[in-house]
Amino acid sequence: MQVRNPPDAPQPARCRATTTCPYCGVGCGVAVELEQDQDSVRIVSLSGDVAHPANHGRLCVKGSALAETLSADGRLTMPQVRDEAGVLREVSWETALDLIAARFADLSRTHGGESIAAYLSGQLLTEDYYVANKLFKGFIGTPHLDTNSRLCMASAVVAHKRAFGADAVPCSYEDLERAELVVLVGSNLAWNHPVLFQRLKQARIDNPLLRIVVIDPRVTDSCEIADLYLGLRPGSDARLFNGLLAYMADRGRLDRLYLKAHTQGFDAALKAARREDCSLAAIARDCDVDVERLETFYYWFATQLHVVTLFSQGVNQSTSGTDKGNAIINCHLAGGKLGLPGAGPFSITGQPNAMGGREVGGLANQLAAHMDYETPGARELVGEFWNAPNIPQGPGHKAVELFAAIERGEIQALWIMATNPAVSLPDSTRVRAALAACPLVIVSECMADSDTLAYADVVLPASSWSEKDGTVTNSERCISRQRGLLAPPGEARHDWWQLAEVGKRMGYQAAFGYSGPHAIFREHARLSGFRNVAPRHKAGSKPLAASSIRRLFNIAPLAELDREGYDALRPIQWPVRRGEKGELIGTLRLFEDATFNTPNGRARLVPVTPQLPHQALSDATPLRLNTGRIRDQWHTMTRTARSARLMNHRAEPFVELHPQDAAARGLQDGALAQLAGRDEQGSVRGDYRARVRISHGQRQGEVFIPMHWNDHFASHGRAGALLAGLVDPFSGQPESKHGAVDVMPLPCEWQATLLIAPGIWGGHEDLAGAMTELEGCYWARIPQATLVRCQLAGEGQPDWALWCERHLSVQAGLWAQDMAQGGISAAGFREGRLIWWLRVTAGAARSDRQPNIAWLGECFASDQLSALERRSLLAGRLSGQADVGTMVCACHQVGELTIRQAIQSGDRCVEALGARLACGTRCGSCLPELKRLVEEERSDERTDSLEMA
Ligand code: SF4
């Protein structure tokens, strides 16, 4: 890769730079060391940035593995256009951009600007988002620009607006450390925001008085630090918090002064809560929680002032997610528990720049810079600032609606950037059909293994992390630089550049003639302050000028940054102002003066009527489906799957079931299962096939599956295909936490592990093609450093010798067949090198004889195997080598079986395991899992000794 703007010094052999992690909403600072030789540069080391306020030097396992995801292999490097034969052909940028501009202009003339749409991503930088929003809403004249952040935190956005008059997160991460009580609701912080979890864990060590409550249907790794766990019925959150509001009122725990002086709507909110029986027994019954635990939670919340309620997708991804968010905020307002150190409702975003997208107006119901279409004068203000001719009249289609509009033929052109809707949206099979029918689909993407590319008419190669240059805003409103350190490969270009070039080609040269990201950022900052007056503080303050619109989001002082100042920008929380000496001052906490962004300055309590999930259970779909993230993967895996160690924590799609649900269906741990939902007509919806994990942390009647797998890594791993496209009426956020499915054993007569050298097969198509000859019913593809591991299953009795010869490039050099057991072990060699390795076992159960993949990986890397290694190949391990089991510690590659053995042999705590095996001693992401394994083994020991007694 070519060096671009080496940071800090002009021509050093080695230099250091700081940037931010591109994964979750914690927004950790990353420090890298770069090495330059002649005309190339590479990252030689990567660590947490000790100076960044989000992480103070920490990184989780995903952040630590960033450097492993950077190779140019698998990157898109040239624009492509689909020809008349349906084949994507490489073209020049001029050809691709001219085509897009001409088609957009033509559609605008013939069908109107509203026939064009964009679907963006919280992975984009604020500068990309800003240019997209300006081009589509200001110049093409379409409101149909939405983002995958709709799937993540749109309900929290609406809840904030309803309560505070602005989409404003009141808290900072520091508040978690200053609280007396932290409540996690619908948030597996340990896996999804691991560095924040580590900060909270440390806060609990530093402050023994800090209590932590985890509210979640599943027992997750976040329970490691919980003082109290409420395993509530899915979807009953609003009932729980309505009950809390009534409890506070009944026990005299309201902050009457705060309510009177700074809020409105309390009586209506309490009345709505009291429409249902608010006795503890009734609430405990409805939420399906233990009544004593419920009372303990209510008492702790009601009696502490410094309470942070941290909520995430478990609240948001619901058909009543907005109301749930308001039910939480109501309780904070009623107790005066916000605007104080260690107090407030705290929505944590999933993506690195979900908040940056909200700042520019990158949602279909937003206009720009925290102004909506409904805001009086907003269209005129934005139109004047941009000098834009075509500001739309009203909001556009939100994500799920947008794809329905494409299906109906109302949208004729869609530009998708940095996201993979063919996998990530609910009802994804229908989304794929809509994409296939859309006359023009443009996909800007970095990676070649995005499923959405199959539907693209134009592919634009985009820059990726370490190449992109701009800013992101994390969950605590902190704006940080994500710096361009390496040059993009080939002809890949920044997203903002692609958009601006199309804008210029459509005749808007003046509006899109940006010299670089700093120029875009300055304009964005200027717009935030354009006719933005400071919030009204007291009654009697001057009325606003008719053309002014009061917004909390204001970073106008940053508009004065020159290019150097922008490059050197330190993390800062909005709103931003200048101090007396001209220094930039950010805002740690909002609403400290109890003045809100509503017309009368008062916060609003919102009446909430609890609702159950809309995806109904039935005889055909009796199990409640919960979907979510796992520790070591990000979104649809296009990036994290490039790191072998991240693939090993959960190598295959899985389904977690309660032991009794598994037993009722004849499913054993490690077996293969099939999940399906039903649509409105009763037809089967989706087909998800996965490995069974039996879990006591799962409630009976409920199952959990990960959201990550795409068609490149599993035959049937798309979680979105099982979900209906039902959405919250206010936020448009899909109900991804509350599907309805049944689970059954996947019929198969054999299972196989196939290891192949990289390059033998081009990709998943070769594997999928070869599987059709095997009557295969399941495959998962797991790239490793020196091989590609494939887990296969199927029916019938294939001729394996013939299949190997036909598909694996060389015949078997070693072959052993156990006819009675139906098992085969085989290996193929080329010039002495191991090229493939195969083990087939008969039956549907997972074999007890798991190979040692790590050792086999060394064999694949070896030029010449020793006689002992070659003799041991068919056994899959050297004599005496133990199976390490599922990977727990990704940093040090320590497996579950190794850890269990160490516990059994006397290492009774996490620290002892770390001392012996090094597990948990680097990024710390696996510490909750280690603790759980220790507890499981010790409880097994106790059970054994009781039985013996
Ligand atoms: S917690 Fe992990 S994934 Fe999230 S920003 Fe930090 S390093 Fe990245």
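Out of PRO79, PRO53, which single residue is within 25 Å of the chain's Cα centre (by Cα) and at pLDDT 95 or above? Can you show your working first?
Details: PRO79 fails: within 25 Å of the chain's Cα centre (by Cα).
Exactly one residue qualifies, and that residue is PRO53.
Does segment 116-127 hold any residues that are touching a strand residue (DSSP E or B) at 6+ places or on another chain (Cβ under 7 Å) and either open to solvent by 10 Å² or more (accessible area, probe 1.4 Å) or part of a helix (DSSP H, G or I) (or both), and which are they? Give the derivation first.
Going residue by residue through segment 116-127, those that are touching a strand residue (DSSP E or B) at 6+ places or on another chain (Cβ under 7 Å) are 116-122, 124-127.
Listed by number, the residues that qualify are THR126, GLU127.
Determine which member of the set GLY335, GLY377, GLY314, GLY339 is in contact (Cβ under 8 Å) with a residue 24 or more places away in the chain and either within 27 Å of the chain's Cα centre (by Cα) or buried (at least 24 other Cβ atoms within 10 Å of the Cβ) (or both). Reasoning before the result, please.
Details: GLY335 fails: either within 27 Å of the chain's Cα centre (by Cα) or buried (at least 24 other Cβ atoms within 10 Å of the Cβ) (or both); GLY377 fails: either within 27 Å of the chain's Cα centre (by Cα) or buried (at least 24 other Cβ atoms within 10 Å of the Cβ) (or both); GLY339 fails: either within 27 Å of the chain's Cα centre (by Cα) or buried (at least 24 other Cβ atoms within 10 Å of the Cβ) (or both).
Just a single option satisfies the conditions, and that option is GLY314.
Select from segment 899-922 the residues that are of a type in the set (Val, Ile, Thr) and either open to solvent by less than 40 Å² (accessible area, probe 1.4 Å) or in a strand (DSSP E or B) (or both) and list them in ascending order.
Within segment 899-922, ILE899, ILE903, VAL910 meet the criteria.
For segment 128-161: of the residues being outside any helix (DSSP H, G or I) and out of contact with any Phe, Trp or Tyr (no Cβ under 8 Å at 6 or more places or on another chain), which is surrounded by the most Cβ atoms within 10 Å (Cβ to Cβ)? Let's see the steps before the verdict.
Within segment 128-161, the first condition is being outside any helix (DSSP H, G or I), and the residues that meet it are 141-147, 152-153.
From what's left, out of contact with any Phe, Trp or Tyr (no Cβ under 8 Å at 6 or more places or on another chain): 141, 152-153.
Details: GLY141: 18, CYS152: 22, MET153: 35.
Taking the candidates together, the pick is MET153.
Consider GLU580 against the criteria (1) modelled with pLDDT of 95 or more; (2) among the acidic types (Asp, Glu); (3) part of a loop (DSSP other than H, G, I, E, B): it satisfies all of them except one. Which criterion is unmet?
(1)
Just to check your reading of the model, which residue among ARG199, ARG233 is among the basic types (Lys, Arg), over 24 Å from GLY63 (Cα atoms) and either touching a residue at least 40 places away in the same chain (Cβ under 8 Å) or open to solvent by 20 Å² or more (accessible area, probe 1.4 Å) (or both)? Quick ask: steps written out before the conclusion?
Values: ARG199 fails: over 24 Å from GLY63 (Cα atoms).
Checking each option against the conditions leaves just ARG233.
What tally of residues in segment 448-463 results from selecting those that are touching a strand residue (DSSP E or B) at 6+ places or on another chain (Cβ under 8 Å) and open to solvent by 10 Å² or more (accessible area, probe 1.4 Å)?
4
Check segment 178-193 and report whether any residue there is of a type in the set (D, E, K, R) and either touching a helix residue (DSSP H, G or I) at 6+ places or on another chain (Cβ under 8 Å) or open to solvent by less than 10 Å² (accessible area, probe 1.4 Å) (or both). Walk me through it before giving the result.
Step one: of segment 178-193, the residues of a type in the set (D, E, K, R) are 178, 180.
With either touching a helix residue (DSSP H, G or I) at 6+ places or on another chain (Cβ under 8 Å) or open to solvent by less than 10 Å² (accessible area, probe 1.4 Å) (or both) added as a condition, the list becomes none.
No - not one qualifying residue is present in segment 178-193.
With respect to PHE591, determine if the residue is part of a loop (DSSP other than H, G, I, E, B), at pLDDT 95 or above, over 23 Å from GLY314 (Cα atoms) and in contact with a strand residue (DSSP E or B) (Cβ under 7 Å, 6 or more places away or on another chain). Break it down stepwise before answering.
Working: part of a loop (DSSP other than H, G, I, E, B): yes; at pLDDT 95 or above: yes; over 23 Å from GLY314 (Cα atoms): yes; in contact with a strand residue (DSSP E or B) (Cβ under 7 Å, 6 or more places away or on another chain): no.
No; evaluated as a whole, the condition is false for this residue.
ARG718: touching a residue at least 12 places away in the same chain (Cβ under 8 Å) and either among the β-branched types (Val, Ile, Thr) or out of contact with any helix residue (DSSP H, G or I) (no Cβ under 9 Å at 6 or more places or on another chain) (or both), yes or no? Step through it out loud before you land on a result.
Working: touching a residue at least 12 places away in the same chain (Cβ under 8 Å): yes; either among the β-branched types (Val, Ile, Thr) or out of contact with any helix residue (DSSP H, G or I) (no Cβ under 9 Å at 6 or more places or on another chain) (or both): no.
Spelling it out, it is not the case that ARG718 is touching a residue at least 12 places away in the same chain (Cβ under 8 Å) and either among the β-branched types (Val, Ile, Thr) or out of contact with any helix residue (DSSP H, G or I) (no Cβ under 9 Å at 6 or more places or on another chain) (or both).
Return the residues of segment 769-789 that are of a type in the set (A, V, I, L, M, F, W, C) and either assigned to a loop (DSSP other than H, G, I, E, B) or open to solvent by 40 Å² or more (accessible area, probe 1.4 Å) (or both); say none if nothing qualifies.
Within segment 769-789, the subset of a type in the set (A, V, I, L, M, F, W, C) is 770-771, 774, 777, 779-780, 782, 785, 787-788.
Those that are of a type in the set (A, V, I, L, M, F, W, C) and either assigned to a loop (DSSP other than H, G, I, E, B) or open to solvent by 40 Å² or more (accessible area, probe 1.4 Å) (or both): LEU774, ALA785, LEU787.
Which one of these is away from the ligand (no atom under 16 Å from the Cβ), at negative phi and either under 27 Å from the mean Cα position of the chain (by Cα) or of a type outside the set (Gly, Ala, Ser) (or both): ALA17, ALA105? Even if it seems obvious, please write down each step before you answer.
On the way: ALA105 fails: either under 27 Å from the mean Cα position of the chain (by Cα) or of a type outside the set (Gly, Ala, Ser) (or both).
Criteria check complete, one pass: ALA17.
If you scan segment 55-98, which residues turn out to be more than 30 Å from GLU174 (Cβ to Cβ), within 16 Å of the ligand (Cβ to nearest atom) and surrounded by fewer than 20 Cβ atoms within 10 Å (Cβ to Cβ)?
First, pick out the residues of segment 55-98 that are more than 30 Å from GLU174 (Cβ to Cβ): 68-98.
This time we only want the ones that are within 16 Å of the ligand (Cβ to nearest atom), so: 68-70.
Answer for segment 55-98, where residues must be more than 30 Å from GLU174 (Cβ to Cβ), within 16 Å of the ligand (Cβ to nearest atom) and surrounded by fewer than 20 Cβ atoms within 10 Å (Cβ to Cβ): just GLU68.
Looking only at segment 721-750, count every residue that is out of contact with any helix residue (DSSP H, G or I) (no Cβ under 7 Å at 6 or more places or on another chain), part of a strand (DSSP E or B) and crowded, with 23+ Cβ neighbours inside 10 Å and tell me the total.
2
Of all residues in segment 627-669, which are open to solvent by less than 10 Å² (accessible area, probe 1.4 Å), closer than 17 Å to PRO217 by Cβ and assigned to a loop (DSSP other than H, G, I, E, B)?
Answer for segment 627-669, where residues must be open to solvent by less than 10 Å² (accessible area, probe 1.4 Å), closer than 17 Å to PRO217 by Cβ and assigned to a loop (DSSP other than H, G, I, E, B): just ILE630.
Among the numbered criteria (1) of a type outside the set (A, V, I, L, M, F, W, C); (2) more than 7 Å from the ligand (Cβ to nearest atom); (3) open to solvent by less than 50 Å² (accessible area, probe 1.4 Å), which one does TYR23 miss?
Condition not satisfied by TYR23: (2).
For segment 348-367, check the following and say yes or no: at least one residue is within 16 Å of the ligand (Cβ to nearest atom), buried (at least 24 other Cβ atoms within 10 Å of the Cβ) and within 30 Å of ARG253 (Cα to Cα).
For segment 348-367, residues within 16 Å of the ligand (Cβ to nearest atom), buried (at least 24 other Cβ atoms within 10 Å of the Cβ) and within 30 Å of ARG253 (Cα to Cα): present.
Can you spot a residue in segment 477-494 that is free of Cβ contacts under 8 Å to residues at least 60 places away in the same chain and surrounded by fewer than 21 Cβ atoms within 10 Å (Cβ to Cβ)?
no
Show the residue pairs meeting these rules: Cβ distance below 9 Å; 6+ apart or different chains; first residue within segment 64-87 and under 18 Å from ARG645 (Cα atoms) and among the charged types (D, E, K, R); second residue within 16 Å of the ligand (Cβ to nearest atom) and outside any helix (DSSP H, G or I).
Partner pairs satisfying both residue conditions: GLU68/SER643.
Condition first: assigned to a strand (DSSP E or B) and open to solvent by 20 Å² or more (accessible area, probe 1.4 Å). Now tell me which residues in segment 822-845 satisfy that. Let's see the steps before the verdict.
Keep residues of segment 822-845 that are assigned to a strand (DSSP E or B), which gives 823-830, 833-842.
Within segment 822-845, PHE829, ARG830, ARG833, THR841, ALA842 qualify.
In segment 749-776, what count of residues is obtained for those that are touching an Asp or Glu at 6+ places or on another chain (Cβ under 6 Å) and touching a residue at least 60 places away in the same chain (Cβ under 8 Å)? Step through it out loud before you land on a result.
So the first thing to find is which residues in segment 749-776 are touching an Asp or Glu at 6+ places or on another chain (Cβ under 6 Å), and the list is 749, 775.
Remaining after also requiring touching a residue at least 60 places away in the same chain (Cβ under 8 Å): 749.
Summing the residues that are touching an Asp or Glu at 6+ places or on another chain (Cβ under 6 Å) and touching a residue at least 60 places away in the same chain (Cβ under 8 Å) in segment 749-776 gives 1.
Is at least one residue of segment 395-408 more than 30 Å from ASP267 (Cβ to Cβ), within 16 Å of the ligand (Cβ to nearest atom), surrounded by 24 or more Cβ atoms within 10 Å (Cβ to Cβ) and in contact (Cβ under 8 Å) with a residue 40 or more places away in the chain?
Pass one, segment 395-408, residues more than 30 Å from ASP267 (Cβ to Cβ): 395-408.
Narrowing the set further to residues that are within 16 Å of the ligand (Cβ to nearest atom) leaves none.
For segment 395-408, residues more than 30 Å from ASP267 (Cβ to Cβ), within 16 Å of the ligand (Cβ to nearest atom), surrounded by 24 or more Cβ atoms within 10 Å (Cβ to Cβ) and in contact (Cβ under 8 Å) with a residue 40 or more places away in the chain: absent.
Take residues that are within 16 Å of the ligand (Cβ to nearest atom) and tell me which of the helices (runs of 4 or more DSSP H) falling wholly in segment 162-276 contain 2 or more. Talk me through it step by step, then tell me what you get.
Details: elements: 173-178, 189-192, 194-206, 237-250, 256-262, 266-274.
Where helices (runs of 4 or more DSSP H) fall fully within segment 162-276 and carry at least 2 residues being within 16 Å of the ligand (Cβ to nearest atom), they are 173-178, 189-192, 194-206.
The values are calculated or read from the model by the stated rules, or taken from the named source; none is laboratory data. All figures in this text were calculated on a predicted structure; none of them were measured in a lab. With ideal geometry, Cβ positions are generated from the backbone for all residues, glycine too; neighbour counts draw on all protein chains shown. Only protein heavy atoms, including side chains, enter the accessible area calculation; ligands, DNA and RNA are left aside. Shrake-Rupley method; radii C 1.70, N 1.55, O 1.52, S 1.80 Å.
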